[in-house]
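What follows is a set of notes on a single structure, which appears directly below.
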Amino acid sequence: MNFHGKDIKIFTGSSNVDVAQGIAGCLGLPLGKSDCTQFSDGEISVSLHESVRGSDCFIVQSTCAPVNDNLMEMLIMIDAMKRASAARITVVMPYFGYARQDRKAKARDPISAKLCADIITCAGADRVLTMDLHAAQVQGFFTKPVDHLYAQPLLAAYARHAGIVTPDKMDDIVVVSPDAGSAKRARAMADELGCAVAIGDKMRVGHDENAKVLEIIGDVKGKDCIVVDDFTISGGTLIDVAHGLKDKGANKIYAFLSHVVLQEKGVKRIDESPIELLVSTDTVDCPAVANSKKIRIISAAPLFAEAVRAIHDRVSVSNLFEYTPRRMLDTSFARQMSLKDMR
């Protein structure tokens, strides 16, 4: 017997409608009926158009740009469901904005990630489901359970699917971390693919300023390089790493990211860079990438759908950390094919 709701209901805010529809579709469910609008003075208005009493409710909402509007939509939707007697409310955040502000970098800095975690919990969320937090310790900022998924299995599978990684050229491929902070992520991808690792040594001037890559630690000469990171905002670090790799004699350069938060200027920079191909998931609605020559988007919805099913059925989601069922890959890559290769 499931004590957390008689049925699953998937609702969405404004930030991730496509992902929410994908999750609901993978589960064979209709998307919950709701509206998120604004009053004339800019205040957020949320209306639920169906009963959620006794239901296991999932709210799909990334806190990406416009960050504060999307965060408020989520909070108000949580409150609406709580007051409507939902049995349990799980916030599905494919991308958690403010997660970069996870510590005091200098005196009198806020820790905004902790503040946002407290607000989401106080609003009434019973559980959080997210993917590839900028810093894993952000999970500890919540007093409610957090299920933290990884894009790595999807990205590694795509590398094989696209022929970037094949058994006959494993010795000619290197996974590259753009800095020491992403070394663990790069090592996990390298272990998944069975290849070597290199690390970029960089110095960052400010929060949103491009980082300057100083050195590449590792042998990349004549190798195809896969740069792995959690996200990019301007593309600056990736491009600096790409140039650094080219200076060291690297062959083809690919970038595999969990999230893409690019504007048109950043997309243009990627298209004009030495990067052969950038692959990411659709955790952030990023219209600017639609016409890119080099950016490919795969769907994370099947992965989140499997996690939603596991949470509702009260079974472990840990198998999704490393293993990606074939049906999930087929759905994820089919979306990428329809958006890019079949246009």
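List of remarks:
- Number of positions in segment 289-309 that are surrounded by fewer than 17 Cβ atoms within 10 Å (Cβ to Cβ) and without any contact (Cβ under 8 Å) to a residue 40 or more places away in the chain: 2
- You will find that of ASP208, ASP201, ASP219, the residue that is assigned to a loop (DSSP other than H, G, I, E, B), of a type in the set (D, E, K, R) and modelled with pLDDT under 90 is ASP208 and no other.
- Scope segment 43-64; condition more than 23 Å from the chain's Cα centre (by Cα), under 22 Å from ASP7 (Cβ atoms) and assigned to a loop (DSSP other than H, G, I, E, B); matching residues: HIS49, GLU50, SER51, VAL52, GLY54, SER55
- Of the residues in segment 16-39, at least one is touching a Leu at 6+ places or on another chain (Cβ under 8 Å), under 30 Å from ILE298 (Cβ atoms) and open to solvent by 50 Å² or more (accessible area, probe 1.4 Å).
- Pairs with Cβ under 9 Å, 6+ apart, first in segment 134-152 and touching a residue at least 24 places away in the same chain (Cβ under 8 Å) and farther than 16 Å from VAL91 by Cα, second among the aromatic types (Phe, Trp, Tyr) and surrounded by fewer than 21 Cβ atoms within 10 Å (Cβ to Cβ): HIS134/PHE231; TYR150/PHE321; GLN152/PHE321
- Among residues of segment 264-299, those that are among the small types (Gly, Ala, Ser), at pLDDT 95 or above and closer than 18 Å to TYR158 by Cα, counted: 1
- Residues of segment 65-78 include none that is open to solvent by less than 20 Å² (accessible area, probe 1.4 Å), assigned to a loop (DSSP other than H, G, I, E, B), out of contact with any Gly (no Cβ under 7 Å at 6 or more places or on another chain) and at pLDDT below 95.
- Leading residue by the ranking (nearest to ARG309 (Cα to Cα)) among those in segment 42-59 that are at pLDDT 95 or above and surrounded by fewer than 16 Cβ atoms within 10 Å (Cβ to Cβ): GLY54
- The number of residues in segment 112-140 that are within 20 Å of the chain's Cα centre (by Cα), surrounded by fewer than 17 Cβ atoms within 10 Å (Cβ to Cβ) and acidic (Asp, Glu) comes to 0.
The values are calculated or read from the model by the stated rules, or taken from the named source; none is laboratory data. The structure displayed is predicted, hence computed values, not measured ones. Every residue, glycine among them, receives a Cβ derived from its backbone with ideal geometry; neighbour counts consider all protein chains shown. Note: areas computed on protein heavy atoms with side chains; ligands, DNA, RNA excluded. Shrake-Rupley method; radii C 1.70, N 1.55, O 1.52, S 1.80 Å.
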